[in-house]
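The block underneath contains the structure these notes are about, expressed in structure tokens.
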Amino acid sequence: MCSSDLVVPILDAAKQTEAADQLFKPYRDRYEQLVREFPDSSLHHNNLAWLCARCNRDLDAALEHARRGVELTPNNPGHMDTLAEVYFRRGDRQAAIEAAKKCVELDPLNKFYRTQLQRFESNSTPESRSN
């Protein structure tokens, strides 16, 4: 992914929301352009959804794109993980847990998916921004 999904949350935590928004927007705009150009690309839908989820922005759009990515490649655990992350960020822990369990079923040897499932089961939902 890009570094903005790492930096934007740091800026938000430092109460630098305007700077975070300015960093997020060009990346989001580029991914949206790619989705328009390649509407059947699960990768582009997934990347847009992941960016939005990790930056805690545009979570309604993130859900739409994560669902589309999974619809296009239903057996891709990475895309299912993005859907789980979006659900979690939106406050739907149960849906996040169910999606994370599917990730573990699809790739049982992947430790990251097990860690994600544990995170969703044990942590409270992160504070979300308005969409």
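The values are calculated or read from the model by the stated rules, or taken from the named source; none is laboratory data. All of these numbers come straight from a predicted model, not from anything done at the bench. Don't worry about glycine lacking a Cβ; one is built from the backbone with ideal geometry, like all the others, and counts go over all protein chains shown. Ligands, DNA and RNA are excluded from the accessible area calculation, which covers all protein heavy atoms including side chains. Shrake-Rupley method; radii C 1.70, N 1.55, O 1.52, S 1.80 Å.
A few comments on the model shown:
- Rounded to the nearest Hz, the phi-derived 3J(HN,Hα) couplings of the stretch 85-101 under the Karplus curve 6.51 cos²θ - 1.76 cosθ + 1.60 (θ = phi - 60°) are 4, 5, 4, 4, 5, 7, x, 9, 4, 4, 5, 5, 5, 4, 5, 5, 4, where x marks glycine and proline.
- Within straight-line cross-link reach of residue 101, lysines at Cα separation under 27 Å, skipping those fewer than 8 residues along the same chain: 111
- Solvent accessible area, Å² - residue 18, 1.4 Å probe, full protein context: 130
- 3J(HN,Hα) from dihedral phi, the stretch 43-52, Karplus parametrisation 6.51/-1.76/1.60, rounded to Hz, x for glycine, proline: 4, 5, 4, 4, 4, 5, 4, 5, 4, 4
- Anchor residue 15: lysines whose Cα lies under 16 Å away (excluding residues fewer than 8 positions away in-chain): none
- Per DSSP, loop trypsin sites (Lys or Arg not before Pro) in the stretch 1-97 with at most 12 further Cβ within 10 Å: 15
- For the chain, accessible area per residue (1.4 Å probe, heavy atoms of protein chains only), Å²: 55
- Note on residue 102: aspartates and glutamates with a C-alpha under 18 Å away, same-chain residues under 8 apart excluded, are 71, 81, 85, 92, 121.
- Alpha carbon convex hull of the chain, volume per residue in cubic angstrom: 96
- Sulfur and carbon atoms: percent of accessible area, the stretch 21-118 [1.4 Å]: 49
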